Amino acid sequence: MGKAVIIMGSSADKEHCEKIKKALAMFNVDCVMRVASAHKVPLKALEIVREYENEHVVFITVAGRSNALSGFVDANTMRPVIACPPYGEKFSGADIFSTIRMPSGVAPMLVLEPAEAALAAAKIFALTDKAVAMKVVEFQKEKREEIEKADEQMRGK
């Protein structure tokens, strides 16, 4: 079974990461949460990547402002990296641009919402884990049923 490794740039991102962790649990995906800044403690960030590199993992990086963490992690692993930066009120979300444009050879996926970052990780694990695949299929079915029910209510049925 795979594991999501959530690396946050600071403990200020913990609430955002807890949302990801909660959504991962819906798919029975284990996770660990770690703290390391690519700007302030790059060797610590590299140490965390190396610690999990040989496991079946997906890294989820959570860093706002100047998000060097996502690119740094991606450049140092062959495992998938999902960037899920928290919304920055101070900059009206403009700090996301540091996640959108990456240098050549660096390709973290960008998913803005915590629940959807967890879904993306679950879909990656679903490629090799039938139990997670079943959870994803079940989740998608529930979402379709919610829309069908809403449509019926809208039409007065």
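Coordinate-derived values only; no laboratory data. Just so you know, these numbers come straight off a predicted model, no measurement behind them. FYI the Cβ positions are ideal-geometry reconstructions off the backbone, even for glycines, and counts take in every protein chain you see.
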Discussion item. Suppose the filter is over 18 Å from ALA23 (Cα atoms) and surrounded by 18 or more Cβ atoms within 10 Å (Cβ to Cβ); does ASP74 pass it?
Written reply: yes
Practice prompt. Would you check which residues across the range 81-129 are free of Cβ contacts under 8 Å to residues at least 40 places away in the same chain and touching an Asp or Glu at 6+ places or on another chain (Cβ under 7 Å) and list them?
Written response: VAL81, GLY88, VAL106, ALA107
Worksheet item: Can you pull out the residues in the range 15-37 that are buried (at least 20 other Cβ atoms within 10 Å of the Cβ), of a type in the set (A, V, I, L, M) and touching a strand residue (DSSP E or B) at 6+ places or on another chain (Cβ under 9 Å)?
Response: ILE20, LEU24, VAL29, ALA36
Discussion item. Could you check the range 120-157 and list, in sequence order, the residues that are exposed (fewer than 10 other Cβ atoms within 10 Å of the Cβ) and either of a type in the set (Phe, Trp, Tyr) or within 12 Å of ASN28 (Cα to Cα) (or both)?
Written reply: LYS130
Item to complete: Of the conditions (1) part of a helix (DSSP H, G or I); (2) touching a strand residue (DSSP E or B) at 6+ places or on another chain (Cβ under 8 Å), LEU43 clears all except one; give me its number.
Response: (2)
Response to the item:
Note on the range 48-80: residues assigned to a loop (DSSP other than H, G, I, E, B), free of Cβ contacts under 8 Å to residues at least 60 places away in the same chain and at negative phi are GLU53, ASN54, GLU55, ALA63, GLY64, SER66, ASN67, ASN76, THR77, MET78, ARG79, PRO80
Discussion item. Among the residues of the range 135-152, are any in contact (Cβ under 8 Å) with a residue 24 or more places away in the chain and out of contact with any Lys or Arg (no Cβ under 8 Å at 6 or more places or on another chain)?
Written reply: yes
